[in-house]
Each structure stands twice: as structure tokens, then as C-alpha cells.
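The values are calculated or read from the model by the stated rules, or taken from the named source; none is laboratory data. Note that the coordinates shown come from a computational prediction; the quantities given were computed from them, not determined experimentally. When we count neighbours, we look across all protein chains shown, and the Cβ atoms used for this are built from the backbone with ideal geometry, even at glycine.
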Amino acid sequence: MKGIKKIEIDETLQEDLVHRKELGLYIHIPFCIRKCSYCDFLSAPANDATKKQYIDALVTEILSYQDRTKNYTVPTIFIGGGTPSALDGTYIEIIMETIYNVFTVNHKEIEVTIEVNPGTITREKLLAYQKAGINRLSFGLQSTDNHELQLLGRIHTYEEFARNYSMAREMGFENINIDLMSALPGQTIHSWEDTLKKVIMLSPEHISAYSLIIEEGTAFYSKYGEGATNETELPSEEEDRRMYSITKTFLKEAGYERYEISNYAEKGFECKHNSSYWTGKNYLGLGLGASSLLNGVRFKNVHDIEQYICFLNEYKNQGQGSKNQPGINLPSMDEDILGIRREIERLAIEDRMEEFMFLGLRMCCGIHKKAFYKAFSIDIDHVYGKVLTDLQEKKLIVINEDNIRLTDYGVDISNTVFAEFMME
């Protein structure tokens with residue numbers, strides 16, 4: 001089924017295929033207390049001086065968009081890491097105040113999420129988050145089993161998480177996500193069921209449940225990677241699928257609907273920010289190594305923290321912000337006036353079609369043929385007709401008139417399904 005031919009589309013349609021109104025913001029905080037054994041994210045411990053220099057640089061980056069954002073409104077903000085809660089709460093207030101001064105937001109409707117890790121939360125930090133307009137917390141729990149937490153390299157116990165969670169509830173946070181991880185070394189079906197039961201009893205509004213992926217360059221890779229001595233300690237593929245099936249069953253019975261392959265929520269509490277990624281909307285990444293998709297162009301910020309700070313200090317010292325005076329033509333959002341963007345890629349029509357399919361099909365509601373036509377001015381059957389027919393015959397997708405979605409079996413081997421939508 002592979003090897004779909006390129007579709008001939010007038011390049012003048014490029015600009016018409018871009019979402020221009022809404023712009024999600026992602027803020028990267030690359031600091032943590034200790035690197036977890038499985039983590040391959042851009043994060044590391046740092047001293048107070050480095051943290052201050054980084055926040056100063058991040059604020060300068062945000063300010064560089066001053067007077068360039070009039071064509072955008074910001075419906076969601078996500079502060080991720082790393083461990084954002086490792087920072088002093090006043091830094092989060094400064095970041096958010098700067099964003100509110102630069103970007104247009106609807107304070108009554110905006111979703112503002114911050115990732116928090118047990119062991120780094122205090123009442124003072126939670127008060128600072130509330131003052132900053134943050135209305136959604138995402139707890140990185142991973143497991144309720146203390147042995148599993150220790151194995152993962154987490155800095156907290158389940159009991160410490162429970163105290164932090166209770167404190168957040170007492171202080172009025174009404175939209176909380178809990179991250180969980182299955183298929184851990186030595187994990188059993190019973191221990192995973194126990195984790196699910198304990199988390200369900202806490203009644204969070206949202207639960208993200210991911211299977212562990214052993215990434216190269218991590219401590220786990222040398223210990224549990226392919227061919228490593230301890231590889232056999234990982235649950236089998238059959239056990240992994242069983243854990244996935246249990247997750248879906250337990251959470252559905254508890255009132256959580258799976259709206260994306262790994263995400264479950266009570267009605268009305270689906271993560272708006274992450275959903276914007278899966279539906280191809282514009283988002284702007286701010287901070288070290290942050291990724292963006294802006295008007296059909298994908299890019300990342302520089303990954304080296306010393307370079308990042310240096311570039312932003314140079315921009316600030318040159319007084320670039322003072323040039324934003326009336327009568328002077330300002331650069332657009334698309335322009336890299338800081339010199340920090342890397343891996344810049346203008347997505348072709350084919351790239352956008354591919355992403356429309358395999359990102360959209362991650363959502364349990366699937367995709368719609370009319371939406372495909374609206375985005376690309378061409379029928380989906382003209383592009384993917386044979387692929388869709390073959391996948392339907394293999395019971396990997398369901399097609400109901402306008403709607404196309406994965407079956408349960410299709411979800412189980414979703415990466416294989418998504419690969420069928422790649423073009424030559």
C-alpha cells in the first residue's frame with residue numbers, strides 16, 4: 001500500500017491551507033532536580049545563576065514578539081519541561097505576566113497548563129500559579145508503586161504525591177491531569193491494575209497513560225535496550241497490550257472517555273492544548289529547544305543553553321526592542337529576528353496531508369472527509385482511496401460516510417497504520 005504518488009497542487013494554495021487565527025503557546029523549562037532513568041527530554045539540573053540567566057533570556061524571547069502578534073489569539077498555554085515546578089514560583093509569574101503583555105488572550109476561556117512533579121510543589125508555588133492565571137495542573141506521577149518509582153529514578157514517593165495532590169485540591173485547582181506509565185521493567189498486570197485503581201479513587205479530571213519507550217541515550221537504554229542484559233525484565237508485548245486493554249476498560253468504567261490513543265478525560269476536560277497539536281493548528285514554542293509550527297513552517301529553537309542565552313543577551317544588549325516604534329515596519333511572526341531557529345522546514349502539501357491523517361487518526365473521533373477537502377481542496381479518496389479501502393478490509397479503520405477512525409485493532413498497531421499514509 002505504500003508509495004502514494006505526489007499530488008499536483010498549485011503552490012499558490014500554500015497560504016490558504018494555514019490556520020492563522022489561533023496560536024497555542026508552549027513554554028519550555030529545561031530544568032529538573034534529577035534526570036530520570038528513562039528520560040530523553042531536553043532537561044538537566046542547574047544552579048540558581050543558570051536558572052536566572054535562562055529566565056531573563058526567555059522573557060527577552062517573549063518580548064521579541066511585541067507588536068507582531070495582532071493577527072493571533074492565544075487559546076492555550078502549556079508550560080512543560082523538564083520540571084517547571086522546580087523553578088521558584090515568582091519566575092512563573094514573571095513569564096506569564098510577560099506573555100499577557102505581548103499576546104492577546106481571553107482570560108475567561110484560556111487553558112493554561114503547568115507540568116508539576118511531586119517533591120517540588122509547595123503551597124507558595126501553587127499560590128503563584130493561581131496568581132499567574134494557571135488553571136490546569138499536570139502531575140508527573142507515573143506509578144503508585146514506590147519500588148517502580150525508585151526504578152524510574154523519580155525523586156518522590158506515592159505518599160508524597162498524594163499529599164501534593166490533596167494540597168492542590170484544597171487550594172481550588174479543579175482541572176488536574178495525572179501522567180502514568182505502563183510496561184515498566186518488572187511491572188506486573190497486578191501492579192498496573194493497582195496503580196489505575198488508586199489514581200481513579202483520586203478522581204482527577206484527566207489521565208494520560210503511556211507505555212514506556214526505551215530511548216537511546218538514556219540510562220534505561222544501556223540496561224534494558226535491545227540486546228542488553230536486563231532486556232528480559234521488560235513485560236512482553238502480550239503483557240503490554242493486556243495493560244493497554246485494562247487501562248481502557250478500567251477508565252471507561254470510571255467515567256473517563258479515551259479521546260486520543262493515550263489520553264482519557266471526563267467530559268469537557270480534554271486537553272485543549274495537546275488537541276491543537278493533533279488537529280494541525282499553529283503553535284509557537286518559546287524557550288530552549290522548543291518546537292513550533294507556524295504558518296506551514298516547522299522549526300525548533302537552538303538546543304544549547306549557553307548559545308540560547310548568548311543570542312538573547314546579544315539581542316537585548318543591542319536594544320532591538322526599542323526599534324518597535326510607530327511608523328517603522330515591524331517584522332512578521334514568521335521572521336527569525338533572534339537567529340535562534342533551527343531545523344527550519346516549510347511543509348509541502350504532501351507533508352501536511354500526511355500529518356492530517358496520522359495526527360488526526362490519533363484522536364478517537366477520527367477525521368472527516370469534508371475537513372480534508374476544506375484543508376486541501378481535493379477529495380481524500382483521490383489521494384488515499386486505495387489505502388483507505390485496504391485498511392478497512394483489514395479491519396484497521398472504520399469508515400462511516402464522512403468519518404474515518406481507527407478500530408481497536410488499528411489502535412493496537414497504530415504506527416503501522418500511520419505509515420501507510422506516507423507518500424513517496
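Quick notes on this structure:
- Options THR113, THR83, THR60: the member that is over 30 Å from TRP192 (Cβ atoms) and hydroxyl-bearing (Ser, Thr, Tyr): THR60
- Annotation note: Cβ proximity below 9 Å between a residue of the range 231-251 that is more than 13 Å from ALA183 (Cβ to Cβ) and assigned by TED's automatic domain parsing to the domain that holds SER191 and a residue that is surrounded by fewer than 16 Cβ atoms within 10 Å (Cβ to Cβ) and not basic (Lys, Arg) (sequence gap 6+ or interchain) occurs for LYS248/ASP408; PHE250/GLU193; LEU251/GLU257.
- Hits in the range 381-418 (condition: surrounded by 13 or more Cβ atoms within 10 Å (Cβ to Cβ), in contact (Cβ under 8 Å) with a residue 24 or more places away in the chain and out of contact with any strand residue (DSSP E or B) (no Cβ under 8 Å at 6 or more places or on another chain)): ASP390, VAL411, ASP412, PHE418
- Pick from the range 225-274, criterion part of a helix (DSSP H, G or I) and within 21 Å of LEU359 (Cα to Cα), ranking: modelled with the lowest pLDDT: TYR244
- From the list TYR277, TYR221, the one residue that fits, being within 24 Å of SER414 (Cα to Cα), in contact (Cβ under 8 Å) with a residue 12 or more places away in the chain and either in contact with a helix residue (DSSP H, G or I) (Cβ under 9 Å, 6 or more places away or on another chain) or hydroxyl-bearing (Ser, Thr, Tyr) (or both), is TYR277.
- Tally, over the range 167-212, of residues that are in contact with a His (Cβ under 9 Å, 6 or more places away or on another chain) and either assigned to a loop (DSSP other than H, G, I, E, B) or at pLDDT below 95 (or both): 2
- Pairs linking a residue in the range 282-301 that is over 23 Å from GLN53 (Cβ atoms) to a residue that is among the β-branched types (Val, Ile, Thr) and part of a strand (DSSP E or B), with Cβ atoms under 8 Å and 6 or more positions apart or on different chains, are VAL297/ILE344; ARG298/ILE344; PHE299/ILE344.
- Within the range 134-172, the set of residues being basic (Lys, Arg) and more than 23 Å from ASP40 (Cβ to Cβ) comprises ARG136, ARG163, ARG169.
- Taking helices (runs of 4 or more DSSP H) as the structural unit, those lying wholly within the range 310-417 and holding at least 3 residues that are over 24 Å from the mean Cα position of the chain (by Cα) and more than 22 Å from TYR72 (Cα to Cα) correspond to 369-376, 380-393.
- In the range 1-41, the residue that is nearest to VAL105 (Cα to Cα) out of those that are of a type in the set (Ser, Thr, Tyr) and modelled with pLDDT of 50 or more is TYR26.
- Subset of the range 205-258 [surrounded by 13 or more Cβ atoms within 10 Å (Cβ to Cβ) and among the basic types (Lys, Arg)]: LYS223, ARG241, ARG242, LYS248, ARG258
- Residue in the range 205-218 that is assigned by TED's automatic domain parsing to the domain that holds ILE94, of a type in the set (Phe, Trp, Tyr) and closer than 15 Å to MET243 by Cα present: yes
- Residue count, the range 366-406 (criterion: modelled with pLDDT under 95 and under 16 Å from ARG258 (Cβ atoms)): 0
Each row is one residue, and each column tells you yes or no for (1) within 18 Å of PHE269 (Cβ to Cβ); (2) exposed (fewer than 14 other Cβ atoms within 10 Å of the Cβ); (3) more than 22 Å from the chain's Cα centre (by Cα); (4) in contact (Cβ under 8 Å) with a residue 40 or more places away in the chain.
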| position | (1), (2), (3), (4) |
| --- | --- |
| ILE114 | yes, no, no, no |
| ASN135 | yes, no, no, yes |
| ARG154 | no, no, no, yes |
| GLU160 | no, no, yes, yes |
| ASN177 | yes, no, no, yes |
| ASP194 | no, no, yes, yes |
| ILE200 | yes, no, yes, yes |
